[in-house]
Amino acid sequence: MPAPIRLRELIRTIRTARTQAEEREMIQKECAAIRSSFREEDNTYRCRNVAKLLYMHMLGYPAHFGQLECLKLIASQKFTDKRIGYLGAMLLLDERQDVHLLMTNCIKNDLNHSTQYVQGLALCTLGCMGSSEMCRDLAGEVEKLLKTSNSYLRKKAALCAVHVIRKVPELMEMFLPATKNLLSEKNHGVLHTSVVLLTEMCERSPDMLSHFRKNEKLVPQLVRILKNLIMSGYSPEHDVSGISDPFLQVRILRLLRILGRSDDDSSEAMNDILAQVATNTETSKNVGNAILYETVLTIMDIKSESGLRVLAINILGRFLLNNDKNIRYVALTSLLKTVQTDHNAVQRHRSTIVDCLKDLDVSIKRRAMELSFALVNGNNIRGMMKELLYFLDSCDPEFKADCASGVFLAAEKYAPSKRWHIDTIMRVLTTAGSYVRDDSVPNLIQLITNSVEMHAYTVQRLYKALLDDISQQPLVQVASWCIGEYGDLLVSGQCEEEEPIQVTEDEVLDVLEGLLVSNLSAPVTRGYSLTAIMKLSTRFSSVNRIKKVVSIYGSSIDVELQQRAVEYNALFKKYDHMRPALLERMPIMEKTATNGPSEIVQTNGETDSTVLDTKHPPTITQPPSQGNDLLDLLGGNDVVPVIQTSLPTKPPSAGGELLDLLGDLSLTGAPPPAPASVPSVPMSQPPFLLDGLSSQPLFNDIGTGIPPMTAYNKNGLKIEFMFERSNPNPNIAVITIHASNSTEADMTDFVFQAAVPKTFQLQLLSPSSNVVPALNQGNVTQVIRVLNPQKQQLRMRIKLTYTYKGSPVQDLAEVNNFPPQSWQ
Amino acid sequence: ARACRSDSRREDFSRTPMMQFMLLFSRQGKLRLQKWYVPLSDKEKKKITRELVQTVLARKPKMCSFLEWRDLKIVYKRYASLYFCCAIEDQDNELITLEIIHRYVELLDKYFGSVCELDIIFNFEKAYFILDEFLLGGEAQETSKKNVLKAIEQADLLQEVCCSLPSSLGGVARCHERQDVSTARSSQTE
């Protein structure tokens, strides 16, 4: 049997292979030879064969059949065998295979070997890949070696102990005695590994930590060692670019961090040395900066005095100016961690941070962006936003979504003016419109709605943006919604903020119809656009054109569009008198959370839930006799008793007869007109929007001490108003009505309706029931919310209908005696 | 958390962050050395290696030496045709890891005399031996360059000695290659 080929020979041969297939062939051939050699139990060449196997393993070929051979090599007496054997074990074996346990005995023997290099091999292998079972078995040996005076072995034993502790934390205690005088060693290897061991113990166990702090007085020892390292002269053995043993310095600083954390005394004891390291370390090379970095991390984590903290942040600030991008990177990462706690100090470096937005490295840019957003406040919003918008323009797509969201959030918090806010939103929509998150659309719509004085300006800008580009869906959606809402302002050229544009109704409709047919429009966008066209039927005069469009889409393949078109058609045909009121201008929406409107405030029956969820068609209130089928279609299982509306024959005017009841309230209190319908319908909101809220007040009850009042008291029916202030918005008064019945019979089919003057807005939530029990046995409660932005005197007209002893009863009343606190 | 899952039962203990693995690979993506300090199956190791090699090779020269990958930080540096790549944990100091890498390269350089990729290819086991004298369990065990090299030298000597001893079969059997860098390198075509 010829001698197996040598390792280098094999490597040479394999490298001559021109193709993968050729290589595979060579490998297979060699593996076969090796396998038969193993079978022959050849001791002489086992080492060579395993070495070759390891090479082939690195190329990616299977080598598991060599595992047992590694064990045999480890058991051999030859140092060469052991060297390769242990290497093979570390490469081929792992703790999932039981085979590795066979190593335990060999390792145990080798830990006690007469040659330190053999002991070293065993310690190394155990410390790299020892399983918990092996660690348990051999911990005692490791502990013994931890106490040896041989520094070559002591340092390895320390790291091996770290591994044992990681695998079997319960064994940590047994290493404690051996740590007694580890730090009095002169040998840097031992010092370094000892610090690592102590760090591991302190991190794992609070008891250990306090033991080392108090009993062992670790901090002064470490401070002394660190001081010596800094003050001592040049030591060639440990020098790196003029710094003495930076590895040890860094580990000591890290251990100090753990010792100083949440401990005033320890933090104080290390204060001076930290300041010294921070000021004296050479910063021209990476190695010095590595130490400074660790120092900064330590200063920020312990209970350092403010001067030291400022020093640390300034170091980070200097890092930001460093040419080395690695240094800039760690600076930004660290600043991001400290920006919450040391906000003002970090603010001082704002301009440098903003400059990093222009860096070429992606990770640096991302951190700079995050940090920039964290630093935005009311004072710097204008300047910062300019930089961030510029960044948004030019950054990679992966950043755009986050950046856009960040801009919206910051703008919402700190916008100096409404105009600025709208402009900023416009800028984002036009430059990064396709990357904006879906939930931004409703947020933006709400923001625009609430900026009443900017409506004309906003719709004009959005219209112009649409003329340029209809591909960015969020932009298109917001724009169509606004045009639908404020199209009248657009064509009448009412813009004050900038030069009003001249545009005709037909041009506007052209644009919106263009969206409907364009390939670029998403289905959701088409929905927006159709609804916008429909809304314009009450704002424009070209109703016929709109009717035509709507009827065409009645047979659209898109089910959503079809449904909308059919409903709008119905609106034209059968319910035309309701159309103006339904498609009225949207009221101010209230937000209860920063992430978007969680409810809709409505007046007088208009419910356009397209804003919040474009998937749900708008609920249209119907007189029950004619509309039940439609309501069923809508799945309105939250339907509360729909108000019976007796429709008068008055022709609908702009605003419709819905407002007739209110119209004269703002005048001089003339006698009420013919009973008109006030479908201030408690809206049947889709369940998910309410999230389980029903007729409960949607805010925290804060008793404001406003006395309740009796609004109505006739024929045994008494209606009391209880007041609360809506927590987030002081312009909203929340009234809970309590209806009680002192007569002997129940009042059934009880319906309460209310109307307020034009400057107010009203919302009625669902009543608790529609039966007012006799003899004051219970109340019907219902919540009314009144928005009173102009703080005018609150007046209300109420209409009550119920059935009493079989006959219908109806009454109207004015409520004028509101206490001043409820509307001031 | 670690790249591996087998130790997840122990994750509730807080411990010091550590280096999880080190990889050396060429610009063509060929693996030249792999040192794993966490237990992983061969399959997992291969997957990680493949992914990481791809990610690092895709980096442009102007980018910084750190990147986030899964929940680890990758510190990498290219020396000639070899990429040295270390995976450290979130709390670790990236800058000192760069120094660790540099120290290892210096050791290789001193040992092989102006080390190049070929040396690592043909003497991979030596590269491992040197690494194992410098790091143990992912931590530096010796901060003096001199001491590491001295230990390697002594161990190499021990190998020599053991080989020149007569084996039980009689005669001298050369069971392993005598270190000769110059021949190894010059007789090579790349």
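We did not get these values from a lab; they are worked out from the coordinates using the rules stated. None of the values given here were measured: they were computed from a predicted structure. Here Cβ is always computed from backbone atoms with ideal geometry, including for glycine, and neighbour counts include all displayed protein chains.
FRET efficiency for residue A:555 and residue A:776, Cβ-Cβ distance as r, R0 = 51 Å, nearest 0.05?
0.35
Distance between the C-alpha centers of the range B:50-126 and the range A:523-585? Whole Å please.
Cα centres, the range B:50-126 to the range A:523-585: 65 Å.
Rounded to whole Å and sorted largest first, what semi-axes of the equivalent ellipsoid does the C-alpha gyration tensor of the range A:522-573 yield via the square root of 5 times each eigenvalue?
17, 12, 8
Strictly over 23 Å apart at the Cα level, which of A:418/A:791; A:325/B:126; A:337/B:60; A:227/B:110 would you flag in this model?
Table pairs above 23 Å Cα-Cα are A:325/B:126; A:337/B:60; A:227/B:110.
Take the alpha-carbon positions of the range A:97-250, form their convex hull, and give its projected area averaged over all directions (one quarter of the hull surface) in nm².
Taking a quarter of the hull surface, the average projection is 9.7 nm².
Using only Cα atoms, tell me the angle between helix A:543-553 and the longest principal axis of chain A; keep it within 0 to 90° and round to the nearest 10.
50
In angstroms, what radius of gyration and Dmax does the range A:225-289 have, counting Cα atoms only?
When restricted to the Cα atoms of the range A:225-289, Rg and Dmax are 12.4, 38 Å.
I need the shape label for the range A:395-435. Rule: rounded when a/c is under 1.5, else prolate if a/b > b/c, else oblate, with a, b, c from the alpha carbon gyration tensor.
Because a/c hits 1.5 or more and a/b fails to exceed b/c, the range A:395-435 counts as oblate.
For a label point 7 Å from the Cα of residue A:283 along Cα→C-beta, name the residues of the range A:314-349 whose backbone N is under 11 Å from it.
A:314-323
In peptide A:78-85, what is the residue-averaged number of other protein chain Cβ atoms found within 10 Å of each Cβ?
Rounded to a whole number, the mean comes out at 6.
So for A:797, A:251, fewest C-beta neighbours within 10 Å to most, what's the order?
Listing A:797, A:251 from fewest to most nearby Cβ atoms yields A:797, A:251.
Run the numbers for residue A:518 and residue A:241: contour at 0.36 nm per residue of separation, minus the present Cα-Cα distance, in nm.
93.1 nm
Note down the relative contact order for the range A:457-558 as a percent, whole number, built from C-alpha pairs under 8 angstrom at least six residues apart.
Over the range A:457-558, the number comes to 30 percent.
Over the alpha carbons of the range A:376-532, what is the largest minus smallest coordinate on each principal axis, giving the biggest first in Å?
44, 34, 22
Could you give the angle, 0 to 90 degrees to the nearest 10, between helix A:264-280's Cα long axis and the longest principal axis of the Cα atoms of chain A?
Roughly 80 degrees between the two axes.
Determine, for A:335, A:7, the number of other Cβ atoms within 10 Å of each Cβ, and report the residues in order from fewest to most.
Ranked by crowding around the Cβ, least crowded first: A:7, A:335.
Kindly state, to the nearest 0.05, the FRET efficiency for residue B:80 paired with residue A:6, given R0 = 22 Å and r defined as their beta-carbon distance.
0.25
Can you work out the FRET efficiency for the pair residue A:113 and residue A:17, with r the C-beta to C-beta distance and R0 = 41 Å, to the nearest 0.05?
0.50
Taking the simple approach of a point 7 Å from Cα along Cα-to-Cβ for both residue A:498 and residue A:29, what is their distance in nm?
Label at residue A:498, label at residue A:29, 7.7 nm between them.
May I ask for the angle, rounded to the nearest 10°, between helix A:455-468 and the longest principal axis of chain A, with both axes built from Cα atoms and the value confined to 0 to 90°?
It works out to around 60 degrees.
Need the list of lysines near residue A:799 for cross-linking: C-alpha distance under 22 angstrom, and skip anything on the same chain fewer than eight residues off.
Answer for residue A:799, where 22 Å is the Cα cut-off: A:650, A:714, A:718, A:758, listed by chain and number.
What are the semi-axes of the equivalent ellipsoid for the range A:426-510, taken as the square roots of 5 times the Cα gyration tensor eigenvalues, largest first, in whole Å?
20, 14, 11
Taking Cα pairs under 8 Å and at least six residues apart, what relative contact order does chain A come out at, in percent?
Averaging sequence separation for qualifying contacts and normalising by length gives 4 percent for chain A.
Order these by the 10 Å Cβ neighbour count, fewest first: B:102, A:738.
Neighbour counts put them in this order, fewest first: B:102, A:738.
For every helix of n ≥ 4 consecutive DSSP H residues, a contribution of -39,500 (n - 2.57) applies; sum these over chain A, divide by its total residues, and give [θ] at 222 nm rounded to the nearest 500 deg cm²/dmol.
-16500 deg cm²/dmol
At a threshold of 8 angstrom on Cα-Cα distance, excluding pairs fewer than six apart, so keeping six or more, what relative contact order does the range A:343-399 reach in percent?
Result for the range A:343-399 is 30 percent.
Take the cross-link list A:358/B:35; A:155/B:47; A:72/A:156 and give me the ones stretching past 29 Å between alpha-carbons.
A:358/B:35; A:155/B:47
State, to one decimal in nm, how far the label point of residue A:323 lies from the label point of residue A:409, with both points 7 Å from Cα in the Cβ direction.
According to this spin-label approximation, the distance is 3.7 nm.
Looking at the P(r) of the range A:296-351, how many percent of alpha-carbon pairs lie beyond 13 Å?
Distances greater than 13 Å cover 54 percent of the Cα pairs.
Principal axis extents for chain A, Cα atoms only, whole Å, descending order, please.
Its Cα atoms span 114, 67, 62 Å along the three principal axes.
Within 10 Å of each Cβ in peptide B:36-42, how many partner chain Cβ atoms are there on average? Round it to a whole number, please.
The mean count of partner-chain Cβ atoms within 10 Å per residue comes to 5.
Percent of Cα-Cα pairs more than 19 Å apart in the range A:184-318, please.
Of all Cα-Cα distances in the range A:184-318, 46 percent exceed 19 Å.
With each pseudo-label sitting 7 Å past Cα toward Cβ, what's the residue A:265-residue A:132 distance in nm, one decimal?
Rounded to a tenth, the inter-label distance reads 3.6 nm.
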